[in-house]
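Report on one structure; see the data block that follows.
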Amino acid sequence: MLNSEINELKARNSEAKVYFMSNCGWSIDSPSLEFTNFISKVNDPMITDCLKMILKDPQCISMDVSAIRMGQNNTQKLKLILKQYMNQELIDRINDHLYESKIVSKNMPLTYKGPFRVFVVHDYSDKIGNILYTVFYDPYHLVFVNDKFKDSYSKKKGYFSGTEMISIYDKYHSGVSTELIKEFDGLVRHRQ
């Protein structure tokens with residue numbers, strides 16, 4: 001049974017220390033999952049702004065997070081995407097510790113939440129406190145797609161046809177400070 005205190009991370013919990021798994025900037029394109037997190041080599045203003053915000057202030061990832069319950073029916077796609085970033089043993093261990101963070105471009109109207117998401121694992125260390133490990137980026141909100149946006153993947157692919165795509169790592173993520181690169185060891189800790 002999990003200690004309930006570990007899941008007390010709230011939607012606005014900016015004190016959590018943010019780290020980046022070494023492979024979290026890798027991009028994948030999976031037509032079968034209708035998911036991509038490759039970005040245009042030519043700047044997309046909103047995506048560019050969100051990624052620059054993350055590089056400038058990684059703590060922005062901890063500002064607006066919500067828990068994901070991996071037992072839900074709509075998490076099958078997420079589980080398959082997670083396999084691109086971590087092994088099954090780690091996926092099993094993070095079951096109640098996975099969160100989705102909204103990154104909102106400062107160039108967007110206040111009422112617009114934007115599609116950019118970051119998936120993170122929450123952990124706790126007696127020395128550091130709350131920790132968020134960045135697992136992967138979802139710049140187009142293609143993991144959990146609203147019914148009215150079911151064709152979002154094909155629209156993105158059509159929009160980008162003829163445009164050279166690039167990995168988030170190659171364009172931005174290689175700029176993350178090396179002291180913030182930390183592997184999640186799968187040992188989800190509890191407060192004692």
Inset, instruction - Identify, by number, the condition in (1) open to solvent by less than 40 Å² (accessible area, probe 1.4 Å); (2) not in a loop (DSSP other than H, G, I, E, B) that Lys52 doesn't meet. - result: (1)
Legend entry - Inter-residue pairs, beta-carbon under 7 Å, first basic (Lys, Arg) and in region 66-80, second buried (at least 17 other Cβ atoms within 10 Å of the Cβ) and in a helix (DSSP H, G or I), 6+ apart: Lys79/Ile91
Legend entry - Residue match in region 96-110 (condition: part of a helix (DSSP H, G or I) and surrounded by 15 or more Cβ atoms within 10 Å (Cβ to Cβ)): no
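Rundown of residues vs (1) open to solvent by 30 Å² or more (accessible area, probe 1.4 Å); (2) closer than 18 Å to Val145 by Cα; (3) of a type in the set (Asp, Glu), yes/no style:
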| site | (1), (2), (3) |
| --- | --- |
| Asp29 | yes, yes, yes |
| Phe38 | yes, yes, no |
| Gln59 | yes, no, no |
| Ser62 | no, no, no |
| Tyr85 | no, no, no |
Inset, instruction - State which residue is modelled with the lowest pLDDT when the search covers only region 68-83 and only residues that are surrounded by 15 or more Cβ atoms within 10 Å (Cβ to Cβ) and not in a helix (DSSP H, G or I). - result: Met70
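The values are calculated or read from the model by the stated rules, or taken from the named source; none is laboratory data. From a predicted model like this one, the values you see are computed outputs, not experimental measurements. Using ideal geometry, Cβ is built from the backbone for each residue, glycine included, and neighbour counts are taken over all protein chains shown. What goes into the accessible areas is simple: the full protein's heavy atoms, side chains included, and nothing from ligands, DNA or RNA. Shrake-Rupley method; radii C 1.70, N 1.55, O 1.52, S 1.80 Å.
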